[in-house]
Amino acid sequence: MEYRKYRVSLQVYPDRLYRTIDIRTDVTLDKLAEVILKLFRTYETPAYLFFDTEHCFTTDTFVHMNPRGDYLDALTNNPDLNDVWENKKPMNACRLSEMGDEFCFLYDVDEGYRFLCQACGEPVSEDREDWVSVTDGKGAGIFEDDVYTLWTYFDGGLDPDMSEDDDEKEFYMPENLELEKLSDFEKPLDLAEETEIAASAFCEE
């Protein structure tokens, strides 16, 4: 099988939240999306897409979920997406091997979690049976529905020992992550566990 290493990192803080994965190049983009969503501990929502300098890769659910609402406004007003939104392709019809060395994954248009997917080296043929493995990473995951708290934490504006919501200042502990305090976000990852989580995207294969 042919595998390639990719570094998937939060674009604005690439060294604070990322995963490096070895993944088969014949996977479709919808499966790659599942892997990314699981690794960064997102909720189950159809509001995500891939894009590069020429095309936008979407799911049918995303395209039809709110065609005249806030999502489409946010997309078409995004400078990077404005020119490629009309050049849509279905995720499930495109394989990773067809993508260039660098492209983006956008999760939750309102919150704007943008991940840069960068190839690390050339594809390599290996005698393996697994679909994906996680070889490096940092950060527990995104803060669902609360990018403001995560950004403030990254910028040093919150006490790392914070363990409860601060309603007055509108800072909240993430509900999608198991953190006793904010600094637990930085705990070293168990790469075997991360690999198991990533591989669960292919459990029906």
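Report the extension gain between GLU122 and LYS88 in nm, rounded to one decimal, defined as 0.36 nm multiplied by the number of residues separating them, less their alpha carbon distance. Additional length available on full extension: 9.6 nm.
Please find the FRET efficiency linking GLU98 to CYS203, where r is the Cβ-Cβ separation and R0 is fixed at 25 Å, and quote it to the nearest 0.05. Spell out each step's value before the answer.
Working: r = 24 Å, r/R0 = 0.98.
It comes to 0.55.
Between ASP136 and GLU34, the FRET efficiency estimated from the beta carbon spacing at R0 = 25 angstrom works out to 0.80. Dipole orientation for the chain: of the candidates ALA140, TYR48, PHE103, PHE103 has the Cα lying most toward the positive pole (charges on Cβ; Lys, Arg +1; Asp, Glu -1).
Dipole of the chain, Cα-centred, from +1 at each Lys and Arg C-beta and -1 at each Asp and Glu C-beta, to the nearest 20 debye? The partial results should precede the final answer.
Values: 19 positive and 50 negative charges, 162 e Å.
So the dipole magnitude of the chain works out to roughly 780 debye.
Residues whose amide H falls under 5 Å from that of TYR3, counting only those 5 or more places apart or on a different chain, are THR25, VAL124, SER125, GLU126, with hydrogens built in the peptide plane. In terms of the Cα gyration tensor, with a ≥ b ≥ c the square roots of its eigenvalues, is the chain rounded because a/c is under 1.5, prolate because a/b exceeds b/c, or oblate? Taking the square roots of the gyration eigenvalues as a ≥ b ≥ c, the chain is oblate.
When only alpha carbons are used to place a centre, segment 127-200 and segment 1-42 end up 16 Å from one another.
Sites listed here are GluC sites (Glu not before Pro) in segment 13-57 whose DSSP assignment is loop and whose Cβ has at most 16 other Cβ atoms within 10 Å: GLU44, GLU54. Applying a DSSP loop filter and a limit of 14 other Cβ atoms within 10 Å to the GluC sites (Glu not before Pro) in segment 167-199 leaves GLU168, GLU170, GLU175, GLU178, GLU180.
For the chain, what is the calculated [θ] at 222 nm in deg cm²/dmol (nearest 500), taking -39500 (n - 2.57) for each run of four or more DSSP H residues and dividing by its residue count? Can you show the working numbers first?
Working: 5 runs with 41 residues, N = 205.
Helix contribution divided over all residues of the chain: -5500 deg cm²/dmol.
I need the shape label for segment 141-186. Rule: rounded when a/c is under 1.5, else prolate if a/b > b/c, else oblate, with a, b, c from the alpha carbon gyration tensor. Cα axes put segment 141-186 in the rounded bin. Beyond 20 Å between alpha-carbons counts as too far, so tell me which of LYS31/LYS187; LYS38/LYS89; LYS31/LYS89 fall in that bin. From the list (LYS31/LYS187; LYS38/LYS89; LYS31/LYS89), the Cα-Cα distance tops 20 Å for LYS31/LYS187; LYS38/LYS89. The loop-placed trypsin sites (Lys or Arg not before Pro) in segment 81-189, going by DSSP, that have at most 14 neighbouring Cβ atoms within 10 Å of their Cβ come out as ARG128, LYS169, LYS181.
Sorted from fewest to most neighbouring beta carbons within 10 Å, what does the list THR149, THR20, THR61 look like? Each step should come with its number before you reach the end.
Numbers: THR149 22, THR20 18, THR61 10.
Sorted ascending by nearby Cβ count, the order is THR61, THR20, THR149.
Each reported figure results from applying straightforward, stated rules to the coordinates on display, with no laboratory input. Please read these numbers as outputs of a predicted model, since none were measured by experiment. Cβ atoms come from the backbone with ideal geometry, glycine included; neighbour counts cover every protein chain shown.
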